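Here is the structure we will look at.
The values are calculated or read from the model by the stated rules, or taken from the named source; none is laboratory data. Keep in mind it's a predicted model, so treat the numbers as computed, not measured. Counting neighbours? That spans all protein chains shown, and the Cβs are built from the backbone with ideal geometry, glycine included. Protein only, heavy atoms only, side chains kept; ligands, DNA and RNA dropped before computing areas. Shrake-Rupley method; radii C 1.70, N 1.55, O 1.52, S 1.80 Å.
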Amino acid sequence: MISERRHAPVFGIVAGEASGDILGAGLIRSLRKRYPGARFVGIGGDEMVAEGFHSLVPMERLSVMGLVEVLGRLRELFSIRARLMAYLLSNPPDVVIGIDSPDFTLGVERRCRDAGILTAHYVSPSVWAWRQKRIFKIAKAVDLMLTLFPFEARFYEEHKVPVSFVGHPLADMIPMEPDTLAARRNLGLDEQAPVLAILPGSRGGEVERLGGLFLEAARWIQSRRPDLQLAIPCVNREREQQVRALVEALDVKLAVTIVRGRSREVMAAADVVLLASGTATLEAMLLKKPMVVGYRLSNLSFKIVSRMVKSPYVALPNLLAKQPLVPELLQDEATPEALGQAVLERLENTDERERLTLAFTEIHHSLRQNADEQAANAIAKLIGGKV
């Protein structure tokens with residue numbers, strides 16, 4: 001049994017949302033190259049299952065957004081965690097790997113580690129930016145942290161938590177030079193006229209807060225640049241209906257191309273991107289697109305968050321560069337005129353576009369580390385003494 005286990009380790013993996021499912025699938029593929037007979041079990045989605053993963057419960061049962069929704073599902077979530085823990089403790093894998101979803105996975109990792117099972121966490125919580133005391137909880141839960149960004153790894157090193165920077169899968173996936181003309185052809189846009197991509201967020205609350213604001217900014221710009229084409233990707237049917245309603249509510253109707261899905265293709269087609277803070281800023285940067293970041297919260301939420309956040313920036317390009325490469329217009333600063341002016345400047349300033357392209361290309365290279373392989377290497381090294 002021991003010799004068999006040496007050649008066929010068991011990996012416990014817990015992913016709670018679609019992005020984690022994609023990371024988990026890539027990790028499984030790379031680990032299987034090293035351990036052809038390995039078994040993978042825990043909680044994961046369709047991407048992981050397609051790689052031979054056994055999910056104890058459907059991953060969708062963990063995909064809960066918002067405080068009210070979580071409260072309404074607490075009993076089920078506790079039941080899922082109890083079932084998962086009973087399995088892992090009764091059938092100890094060689095390592096338990098939590099992928100993102102820290103509110104759920106870190107608790108699982110802590111209990112497994114206390115039981116003598118090696119643990120790793122893939123995708124750092126934003127502990128470097130706010131609620132920094134969480135680092136002590138993380139230190140007790142994980143034997144190894146895998147980070148997507150180098151500045152995250154430095155934070156863990158400073159706090160003596162074992163860490164490995166593996167790079168970002170998006171940097172591996174997105175080509176160094178986007179094909180802007182092909183994207184415009186595929187979307188039915190004029191290949192010669194400039195394009196502004198508008199991404200007010202993927203959740204209903206974000207679109208409600210930012211959609212109208214961004215459209216007002218687009219109207220301000222288009223009144224000065226009538227040749228400007230507008231394109232908005234929507235993550236699903238509900239967001240598409242929401243955006244169409246916002247466009248219809250404008251006093252002056254805008255000619256805008258609304259696309260379901262295909263957000264990366266819409267950004268690839270653009271000259272400038274106006275977007276909410278989040279992962280989309282990373283994609284826009286990897287596509288080498290000038291961008292303007294705008295965001296609003298309720299006044300109370302903004303006051304609370306402002307006191308908690310330790311980072312000088314919110315947009316990932318600025319965090320990675322450690323300087324303000326892209327404008328961040330937050331809360332009261334995010335007006336249609338201010339956003340519009342910032343977009344117009346980036347649309348018309350050729351020298352600025354070239355400078356940004358060079359800076360974004362350098363960051364892209366730094367993140368292109370073959371993340372799946374690097375993560376698998378780090379996990380293999382962690383369990384090296386066991387298998």
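For the stretch 35-48, what are the residues that are surrounded by fewer than 18 Cβ atoms within 10 Å (Cβ to Cβ) and closer than 13 Å to I22 by Cα?
Answer for the stretch 35-48, where residues must be surrounded by fewer than 18 Cβ atoms within 10 Å (Cβ to Cβ) and closer than 13 Å to I22 by Cα: just D46.
Select from the stretch 279-318 the residues that are surrounded by fewer than 22 Cβ atoms within 10 Å (Cβ to Cβ), among the small types (G, A, S) and modelled with pLDDT of 85 or more and list them in ascending order.
Within the stretch 279-318, no residue meets the criteria.
Of the conditions (1) in contact with a Lys or Arg (Cβ under 7 Å, 6 or more places away or on another chain); (2) not in a helix (DSSP H, G or I), F360 fails just one. Which one is it?
With respect to (1) in contact with a Lys or Arg (Cβ under 7 Å, 6 or more places away or on another chain); (2) not in a helix (DSSP H, G or I), F360 is out only on (2).
hydroxyl-bearing (S, T, Y) and either modelled with pLDDT under 95 or part of a helix (DSSP H, G or I) (or both) - does that describe any residue in the stretch 107-121?
no
Can you pull out every residue in the stretch 153-167 that is under 17 Å from T119 (Cβ atoms) and open to solvent by less than 20 Å² (accessible area, probe 1.4 Å)?
Scanning the stretch 153-167 gives Y156, V161, V166.
Could you please find all residues in the stretch 122-150 being among the aromatic types (F, W, Y) and not in a loop (DSSP other than H, G, I, E, B)?
Y122, F136
Which numbered condition in (1) over 21 Å from L62 (Cα atoms); (2) without any contact (Cβ under 8 Å) to a residue 40 or more places away in the chain is the only one that P150 fails?
It fails just one condition, (2).
Tell me which residues, restricted to the stretch 16-61, are of a type outside the set (D, E, K, R) and closer than 13 Å to A375 by Cβ.
Narrowing the stretch 16-61 to residues of a type outside the set (D, E, K, R): 16, 18-20, 22-28, 30-31, 35-38, 40-45, 48-50, 52-59.
Scanning the stretch 16-61 gives G20, I22, L23, G24, A25, G26, L27, I28, S30, L31.
Given (1) in contact with a Ser or Thr (Cβ under 7 Å, 6 or more places away or on another chain); (2) farther than 24 Å from T361 by Cα; (3) surrounded by fewer than 19 Cβ atoms within 10 Å (Cβ to Cβ), where does S202 come up short, assuming only one miss?
(1)
Under the condition of being over 21 Å from T180 (Cα atoms) and in a loop (DSSP other than H, G, I, E, B), which residue from the stretch 217-234 is most open to solvent (accessible area, probe 1.4 Å)?
R224
Given the options A153, A193, name the one that is touching a strand residue (DSSP E or B) at 6+ places or on another chain (Cβ under 8 Å), assigned to a loop (DSSP other than H, G, I, E, B) and not basic (K, R).
Details: A153 fails: assigned to a loop (DSSP other than H, G, I, E, B).
When all the criteria are applied, what remains is A193.
Taking L196, is it in contact with a helix residue (DSSP H, G or I) (Cβ under 7 Å, 6 or more places away or on another chain), under 30 Å from A371 (Cβ atoms) and of a type outside the set (D, E)?
Spelling it out, it is not the case that L196 is in contact with a helix residue (DSSP H, G or I) (Cβ under 7 Å, 6 or more places away or on another chain), under 30 Å from A371 (Cβ atoms) and of a type outside the set (D, E).
If the Cβ limit is 8 Å and pairs must be 6+ apart or interchain, which residue in the stretch 68-83 that is assigned to a helix (DSSP H, G or I) pairs with which residue that is at pLDDT below 70?
V70/V64; L77/V64; L77/V70
So M145 clears everything in (1) modelled with pLDDT of 95 or more; (2) over 26 Å from I363 (Cα atoms) except one condition, right? Which one?
Here M145 clears every test but (2).
Step by step: first the residues of the stretch 241-278, then only those that are free of Cβ contacts under 8 Å to residues at least 40 places away in the same chain, farther than 21 Å from G340 by Cα and open to solvent by 30 Å² or more (accessible area, probe 1.4 Å), then the one that is farthest from the chain's Cα centre (by Cα). Which residue is that?
A245
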